[in-house]
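The values are calculated or read from the model by the stated rules, or taken from the named source; none is laboratory data. The structure presented is a predicted model; accordingly, all values stated were derived computationally and were not measured. Here the Cβ is made from the backbone with ideal geometry for all residues, glycine too, and neighbour counts use every protein chain on show.
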C-alpha cells in the first residue's frame, strides 16, 4: 500500500493542507485580535468563510469526484489551498480584515474539496481490505500536519514579530527611558500575537510613548503575518509539485500494468 506513488502523493497533500492554511488560521485569529483589536466573537465570525466554504465544497466534490482522476483532483485542490495561503499575504498596514476574504474563500473551498477526495483516495490507492487502514493513515497524517504547521508557522511568526519589534523600538521617541524589562516584555508579547495587549500594559508614566509603541506592534505583526503567509505558500507549492509527480508516476504504472495484462490476454487467446 505505502509503496504506491499515489498513496505517497495523497499522504503529502494530507499533511500539507493542514500544515499551511489550517495551521495559519490559528495565527490569523491571533492577528485579528492582537493587531486589529477584534473580540473573540468578532474574530470567529470573520473566520467563518473558511468553514462555510469547506462545508459547501465537500459534498459537491463528493458528487462529482468520480468524473475526475483522483490524482488530478487532489493536486488541483491542494493548488487552491496554496492559492488561498498566497492571498492571505500582502497585507498592508492600512488594510482591513476584508483583505483576507479572497484567501479564506479560495482556501476554504480547496480544503473542503480536498477532504472529500482524501476519503476517496483510500479506495483508489489501497486494496479493499486495506481501505480502512489507508483512511486512518490519512486522518492521522492530517493531525500530524496541523501540529507541524502550528509549530513551524508559529515559530516564523514569533521570530519575525520579535525581530521587527526589537529593531523598531530603537526609533521610538523616549525609548531609552523605558526599563529594559518592559521592553523585553513588550517584544515578547508582540511575538506571541498580543500586540494591543502589550501596548495596554505600558505603565502610565510612559504614556507619551504609547502611540509610537502601538505603531511598532502593528508593523511587527503585519510583517510577521506576511512572512508566515509566504512560508505557507512555499510549503504548499512544493507539496503540489511533489504530489503531482507522484500521481503522474502512479498513473503511468497503472497504464503499463493494464497494457501488460491486455498483452498477456491477447497472447493467451492466440495460443488457444
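Say we look at segment 16-68 and pick out the residues that are free of Cβ contacts under 8 Å to residues at least 40 places away in the same chain and in a loop (DSSP other than H, G, I, E, B); which of these is surrounded by the fewest Cβ atoms within 10 Å (Cβ to Cβ)?
39
Taking segment 111-127 on its own, how many of its residues are assigned to a helix (DSSP H, G or I) and either under 25 Å from residue 33 (Cβ atoms) or modelled with pLDDT under 90 (or both)?
Total meeting the criteria: 11.
Can you give me the number of residues within segment 189-214 that are assigned to a helix (DSSP H, G or I), surrounded by fewer than 16 Cβ atoms within 10 Å (Cβ to Cβ) and free of Cβ contacts under 8 Å to residues at least 40 places away in the same chain?
Adding up the residues that qualify gives 8.
What is the number of the single condition among (1) buried (at least 16 other Cβ atoms within 10 Å of the Cβ); (2) within 30 Å of residue 250 (Cβ to Cβ); (3) at pLDDT 85 or above that residue 100 does not meet?
(2) is the only condition that residue 100 fails.
Is it true that some residue in segment 86-96 is surrounded by 22 or more Cβ atoms within 10 Å (Cβ to Cβ) and assigned to a helix (DSSP H, G or I)?
Yes: one or more hits.
Pick from 13, 72, 106: which is modelled with pLDDT of 95 or more and either part of a helix (DSSP H, G or I) or under 23 Å from residue 234 (Cβ atoms) (or both)?
Step by step, each of 13, 72, 106 is checked, and only 106 is modelled with pLDDT of 95 or more and either part of a helix (DSSP H, G or I) or under 23 Å from residue 234 (Cβ atoms) (or both).
Could you check segment 13-52 and list, in sequence order, the residues that are farther than 30 Å from residue 220 by Cα and more than 13 Å from the chain's Cα centre (by Cα)?
Selection gives 52 alone.
Quick check on segment 80-93. Is at least one of its residues over 17 Å from the mean Cα position of the chain (by Cα) and more than 22 Å from residue 236 (Cα to Cα)? Spell out the reasoning first.
If we filter segment 80-93 for residues that are over 17 Å from the mean Cα position of the chain (by Cα), which is where we start, we get 92-93.
Adding the requirement that they be more than 22 Å from residue 236 (Cα to Cα) leaves 92-93.
Yes, the conditions are met somewhere in segment 80-93.
Among the residues in segment 153-176, are any at pLDDT below 85, in a helix (DSSP H, G or I), under 14 Å from residue 218 (Cβ atoms) and over 29 Å from the mean Cα position of the chain (by Cα)?
yes
The rows are residues; the columns are (1) under 15 Å from residue 157 (Cα atoms); (2) modelled with pLDDT under 75.
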{"position": "194", "(1), (2)": "yes, no"}
{"position": "206", "(1), (2)": "no, yes"}
{"position": "214", "(1), (2)": "no, no"}
{"position": "228", "(1), (2)": "yes, no"}
{"position": "233", "(1), (2)": "yes, no"}
{"position": "248", "(1), (2)": "no, no"}
{"position": "251", "(1), (2)": "no, no"}
{"position": "265", "(1), (2)": "no, yes"}
